[in-house]
Each structure stands twice: as structure tokens, then as C-alpha cells.
Amino acid sequence: MTQPTDIPRALALREPLRVLDGCCCIGGATEGLRRALGPNVHITGVDIEPQPDYRGDAFHQGDVVDFIRDCGREFDFIHVSPPCQGEGAPTKGTNRSRNEAIGRTYPRLIRPVRAALEATGRPYVMENVAGSEVRKDIRLCGEQFGLGVLMHRYFELGNWTTAQPAHPRHRGRVRGWRHGEYHEGPYVAAYGKGGGKATVEEIRAAKGIDWSTDHLRLREALPPAYMEWIGRAFLASRTLEVAA
């Protein structure tokens, strides 16, 4: 079930709208924001790692906190997905494979990212998993958008707000092995490998991502539908402020 957000045509926003996608990975959030914000948007991605499959208009490899501190005020809207390694229970089983693959252990970034975002004075959204320190202003789930993943994620909204959308009942289980028993279901497990977890093609189909075949980065990417909903809600909130 999709969650529509009505957006009047007249928006008091400059063009092109400048957006920053921090910890962008391959750009799942970037693609969603582009769909929501339309053709007159310029999206810059920032990530500590090279991202040859990145979806946006410009890419900067470097530290996201430093970049926000130095350049954040140049953007109209900022999204950041700090690495979830160690942040919450849903990721604990996947941390080892990622860290071994990239030879790096990530620090917890939510607090320093939040401080940098707040210092810009710009509207922002910060995303992470259950159990993290991200404020739980909005929760999104793949079932809200008819996706083949559940992937509950929480969004902290800064300098703007919107209402929590309805969370429909799940249609069944996530396919795969659980405690020695195999279960069928309408959703795939888009994390890790083995045990019935999703293949590259299954993740691409389940998340709605068709521009990358990198299994690790596909697993980490946000489904574009999530940030498309957030982007539309942000535009609606700006329009309401102008009208008031």
C-alpha cells in the first residue's frame, strides 16, 4: 500500500533545489529524493568509500561530519544515513561480514552527525535502525510501499515535521531459515548471505534498485520508495509554511 502525500504545484523553493545525501552508498536515498523533488534538483552524495554506482549529480569521497560542517549550509535539504554497524540489534549479525569485506570498523556517528546538522540550521532527516540513537519521528516499512522487503527504518526530522503514515499489517514471514526451520514468505532477507537470503537479483527487485549489481551495497541501500515518501512530505511541509 503506497502512502500518498499531496503536493501543490506552487512551491517557494529555489531552483535547482540543492540536496545533500550523506553516507550515500549507491544512492538509494538519492534516487528516491530525485523522484520526489523532480527535475529541478541537484543532489550531492558524500561517502567515506568510493561509490562508482552512485546515482546522484555529484559525489564527494570523505568524512560526512566534516563535509556537513564545511558545506552543509549550501544545501536546502540534507539526508544522512549514518552506518548502522553496532547501532541496533537488527544489524549485529551483518557487521562482521561488512567490516571484513572493507577492512574497516566504523565509529558511531549519530551524535556528531546530529550536531553538525543542527549547526547548519537547514531542514534534515537522519535515518537508522531500531535500537539506534536516532529519534523515532517516522517509521517506514517496505510493506507500506508494496516492496519485497520489510526493512523497518526510523527517521529523525530536523527543522521540519510531518505525520506518521499508517503501518499496514505484514502479509507473512521473511523467507529463509530461522532456528533450523525454513519458512516461505512474501519478503526476502536483504542482508548477509546463505540461509535462504536474497540474491543480487532478488534484492534489486525487492528494493526497486536497478542500477547496481554490488551485493554488499545493495544490501545496505535504502529502498528509493522510503526517501521518495520523505521527500514528498518535506515539500508538502514547505508549501504549508508558505501558505501560512
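Just a few scattered comments:
- Surrounding net charge for residue 138, when Lys and Arg each add one and Asp and Glu each subtract one, Cβ distance under 11 Å: +1
- Of the peptides 216-222, 112-118, the order by per-residue mean of other Cβ atoms within 10 Å, starting with the highest, comes out as 216-222, 112-118.
- Cβ crowding within 10 Å averaged over residues, with 174-181, 60-67, 71-78 ranked highest first: 71-78, 60-67, 174-181
- Here's how it looks for residue 41: its modeled amide H is under 5 Å from those of 17, which are all 5 or more places away or on a different chain.
- Column: log10 I(q)/I(0), Debye, Cα scatterers of the stretch 117-244, q = 0.16 Å⁻¹: -0.87
Values quoted throughout were computed directly from the atomic coordinates according to the rules given, and no laboratory measurement underlies them. The structure displayed is predicted, hence computed values, not measured ones. Neighbour counts run over all protein chains shown; Cβ positions are idealised from the backbone, glycine included.
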